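First the structure, in the form of structure tokens, and then the observations on it.
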Amino acid sequence: MMHLITKPSLTIFFLFSIYIVKADVKLSALFQSHMVLQRDKPCNIWGTADDGEVITILFNNSTYSTTTRSGRWKITLPAQVAGGPWNIIIKGKNSISLTDVLFGDVWICGGQSNMQFPVKEARPKPDTSTFNNNNIRLFTVGIGTDFVPQDTVKSGSWKIATVKDVEAFTAVGFFFGSYLQQHLNVPVGLISDNLGATAIEEWMSNEAVHQFPQFDNFYNTYLAPRKSMKQMDDDFEKIKSAWNKKYYLKNDPGLTQQWYKPETDISDWKTMNQPSHWEDNELKDYDGSVWFRKNYDSFPKDFMGNTSISLGQVDDYNICWVNGIKVGEGYGNQNLYSYKIPDSIIRKRNNAVVVRVFDAGGKGGMYNMFWSPFWAGEWKYKKGVQINAATFKKPLVANAYIFGTPTILYNANIAPLTALAVKGFIWYQGESNAGRAEEYKQLLPAMIKDWRKQFNQGELPFLIVQLPDLGREPVTPENSEWAELREAQASALSLPNTGIAVTIDIGESNDLHPHNKWAVGNRLAMTALSSIYNVDSIDTSPRYKSMQVAGDSIIITFDGDIICKDKYGYVRGFSIAGSDSVFHWAKAYIKDNRTVVVYNMNVHAPVAVRYLWSSEPGDIDLYNKNDLPAMPFRTDDFKLTTAGKRFSYTE
């Protein structure tokens, strides 16, 4: 069987058809000893080599070959049943041997910090001896960023599940995989591909975000050029000196008079709080440079033990001096700027920190400094040179990663996996999009469809963790961004091969990162066994099916059997509204094994019901026989608090 790359199914092989230095045959970082390949599907293996080099794979007493084109090669192995271990030998002018390879089910574990949350911090935790499982293999993607799809991840290695290696792995992912492995008795490969505090648009492809007009400004600026971050940086370096002289540093009195020196007279400088945008303060419609200064007796250490200054985001460019010595500069507002301060320039007292902030249009200033509150507060400032933003030539700079930048995590961390045969995805994300929950209702299904398109393996299973409870229980029924985000997550269930794990009863009201990840992973796995593998009759969380107004009550019907945990039979968490759209706490009781009667004596003509519609609903009574809570819902279509809130980007 021969597979050439003259017409690959993935565009990433074309995007990087650049000159390859003569080198030995190499594999994508995904392919290593101890890995798991997807059972029952043809499996691609790919890498790089010299143009024209013949690459051969020896596997299971068979030989598979191809010829390298444009520095890249790909070979497809035929589908295999679950099992192993196998050896795979890849030969070009050198030879690579992969040992202890298993075939089983490969799941990608995506999302933000609650998916990243490690096993070692999970509570309660099962007996750690159960962590030692040769049939579970773990791969953690070394997170990278880019504006164009990459064909290999930055780093990562396959590990056999042992207590040592499990502890740092995604807890939700591992407990999910462990439950599956025990019930299916096949090898499970888990790829941890997630990053804390990230928004969904960062995990969407360039093509996916281009469907939505709110991303147009960002798309046209950074994605339409189809340049990698490195290419952008290289292009900027070529023009940087001339651009600085002609535009950026021209005619600034702060530079000619050396305002960065500690002895500078600042008696006529004004005061402005940072972090902030100066156009929200005194400098309305001002573009150009503003010089900020603040004195410190001491500096904090960063997590590496270095003395540093953290400016947060800066709109648009910055240069930073400490005691007259430049410690760093940055171009563009898509980064969190932090500069190391050499110990040799630090004084015992009264260290002068000076930052030249240059705004080329829009709002200027230092913002998002909440990442390092030490630097926040009153700063002295003085205007430098004012510019006309309409005629100022802004260069295209890549910047490093900043939370909320669309597509850059997909391109560097998901795109490199799209040629890999997989079983499906688990997804724990949404916290960062709660303020735009209505938009999320569009973005999540779009991302699911796009991932399936990019992986080109049919309607791959996609399982979602619904956000847990968080915050304080409301005194009266409330509108809640958190509840709206849960609804947006649930709306994705309209797509085939999707499932959801309801976790509203296992969060922690005072912690964004609840510790009971064991239950989360198990609930995801129960969902998979029931709806994806069809090997178990486990009932998943009951879902709202329909409502019927009956006099002064509303009868709610669920799609599965329900029970009430309250010993008196009272069901808490319901609210009810009349034609005025004002919700009141309701009384409720189970009528039969699938219906609940909801009423309030003061609402005589009810029109709508909500259930667990708050960030923190308090005690929960409604479950099924498998101890899974009923999913939150609303029957109304009233306008939500996040209606109309969209991603926005301005230069």
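Having 1 or more residues that are hydrophobic (A, V, I, L, M, F, W, C) is the bar; report the strands (runs of 3 or more DSSP E) wholly within region 333-382 that clear it. Before you say what the answer is, go through the steps one by one.
Details: elements: 337-340, 351-359, 365-367.
The qualifying strands (runs of 3 or more DSSP E) are 351-359, 365-367.
Any idea which of Lys393, Lys294, Lys326, Lys380 is exposed (fewer than 14 other Cβ atoms within 10 Å of the Cβ) and touching a Phe, Trp or Tyr at 6+ places or on another chain (Cβ under 7 Å)? Even if it seems obvious, please write down each step before you answer.
Details: Lys294 fails: exposed (fewer than 14 other Cβ atoms within 10 Å of the Cβ); Lys326 fails: touching a Phe, Trp or Tyr at 6+ places or on another chain (Cβ under 7 Å); Lys380 fails: exposed (fewer than 14 other Cβ atoms within 10 Å of the Cβ).
Result of the check over Lys393, Lys294, Lys326, Lys380: Lys393.
Considering region 609-644 alone, what residues qualify as being surrounded by fewer than 20 Cβ atoms within 10 Å (Cβ to Cβ) and on the phi > 0 side of the Ramachandran plot?
Residues satisfying the conditions are Gly618, Asp627, Gly644.
Kindly list the number of the only condition in (1) β-branched (Val, Ile, Thr); (2) out of contact with any strand residue (DSSP E or B) (no Cβ under 6 Å at 6 or more places or on another chain); (3) over 22 Å from Asn251 (Cα atoms) that fails for Ile325.
Among (1) β-branched (Val, Ile, Thr); (2) out of contact with any strand residue (DSSP E or B) (no Cβ under 6 Å at 6 or more places or on another chain); (3) over 22 Å from Asn251 (Cα atoms), Ile325 violates only (3).
Can you tell me how many residues in region 525-556 are surrounded by 15 or more Cβ atoms within 10 Å (Cβ to Cβ) and under 29 Å from Glu473 (Cβ atoms)? Walk me through it before giving the result.
Of all residues in region 525-556, those surrounded by 15 or more Cβ atoms within 10 Å (Cβ to Cβ) come to 525-533, 538-544, 547, 552-556.
Of the ones still in play, those that are also under 29 Å from Glu473 (Cβ atoms) are 526-527, 539-544, 547, 552-556.
Count: 14.
If the requirement is being within 19 Å of Phe633 (Cα to Cα) and either of a type outside the set (D, E, K, R) or surrounded by 18 or more Cβ atoms within 10 Å (Cβ to Cβ) (or both), which of these qualifies: Leu495, Leu460? Walk me through it before giving the result.
Details: Leu460 fails: within 19 Å of Phe633 (Cα to Cα).
Only one candidate qualifies: Leu495.
Filter region 433-455 down to residues that are closer than 14 Å to Ala643 by Cα and charged (D, E, K, R) and give me whichever is surrounded by the most Cβ atoms within 10 Å (Cβ to Cβ).
Ranking the qualifying residues of region 433-455, first place goes to Arg436.
Would it be correct to say that Trp585 is under 23 Å from Asp505 (Cα atoms), among the hydrophobic types (A, V, I, L, M, F, W, C) and surrounded by fewer than 18 Cβ atoms within 10 Å (Cβ to Cβ)?
Numbers: under 23 Å from Asp505 (Cα atoms): yes; among the hydrophobic types (A, V, I, L, M, F, W, C): yes; surrounded by fewer than 18 Cβ atoms within 10 Å (Cβ to Cβ): yes.
So Trp585 fits the description; yes.
Could you give every pair whose Cβ atoms fall below 7 Å, whose first residue belongs to region 634-649 and is at pLDDT 95 or above, and whose second residue is part of a loop (DSSP other than H, G, I, E, B), counting only separations of at least 6 or pairs across chains?
Pairs found: Arg634/Trp613; Phe638/Ser581; Thr641/Asn479.
Of the numbered conditions (1) part of a loop (DSSP other than H, G, I, E, B); (2) at pLDDT 95 or above; (3) touching a Ser or Thr at 6+ places or on another chain (Cβ under 9 Å), Thr405 satisfies every one except a single condition; which is it?
The number of the failed condition is (2).
When residues of region 528-558 are filtered for being closer than 13 Å to Pro629 by Cα and in contact with a strand residue (DSSP E or B) (Cβ under 8 Å, 6 or more places away or on another chain), how many remain?
Of all residues in region 528-558, those closer than 13 Å to Pro629 by Cα come to 539-544, 558.
From what's left, in contact with a strand residue (DSSP E or B) (Cβ under 8 Å, 6 or more places away or on another chain): 540-544, 558.
So the count comes out to 6.
Conditions (1) closer than 23 Å to Thr503 by Cα; (2) at pLDDT 95 or above, marked per residue:
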residue: Thr527; (1), (2): yes, yes
residue: Ile538; (1), (2): yes, no
residue: Arg543; (1), (2): yes, yes
residue: Met547; (1), (2): no, yes
residue: Gly551; (1), (2): no, yes
residue: Cys564; (1), (2): yes, yes
residue: Phe574; (1), (2): yes, yes
residue: Ala608; (1), (2): no, yes
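For region 307-320, give me the residue count where each residue is closer than 21 Å to Trp243 by Cα and either assigned to a strand (DSSP E or B) or among the hydroxyl-bearing types (Ser, Thr, Tyr) (or both). Reasoning before the result, please.
Of region 307-320, the ones closer than 21 Å to Trp243 by Cα are 314-320.
Then keep just the ones that are either assigned to a strand (DSSP E or B) or among the hydroxyl-bearing types (Ser, Thr, Tyr) (or both); that gives 314-315, 317-320.
Selection size over region 307-320: 6.
Here's the yes/no breakdown for (1) modelled with pLDDT of 95 or more; (2) over 30 Å from Thr407 (Cα atoms); (3) touching a helix residue (DSSP H, G or I) at 6+ places or on another chain (Cβ under 6 Å):
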residue: Lys159; (1), (2), (3): yes, no, yes
residue: Val172; (1), (2), (3): yes, no, yes
residue: Phe175; (1), (2), (3): yes, no, yes
residue: Tyr179; (1), (2), (3): yes, yes, yes
residue: Gln182; (1), (2), (3): yes, yes, no
residue: Asn185; (1), (2), (3): yes, yes, no
residue: Gly196; (1), (2), (3): no, no, yes
residue: Trp203; (1), (2), (3): yes, no, yes
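Restricting to region 420-432, what's the tally of residues that are more than 30 Å from Thr76 (Cα to Cα) and surrounded by fewer than 24 Cβ atoms within 10 Å (Cβ to Cβ)?
Within region 420-432, the subset more than 30 Å from Thr76 (Cα to Cα) is 428-432.
Now restrict to residues that are surrounded by fewer than 24 Cβ atoms within 10 Å (Cβ to Cβ): 431-432.
Result for region 420-432: 2.
The values are calculated or read from the model by the stated rules, or taken from the named source; none is laboratory data. Just so you know, these numbers come straight off a predicted model, no measurement behind them. All Cβ positions, even for glycine, are placed from backbone atoms using ideal geometry, and neighbour counts span all protein chains on display.
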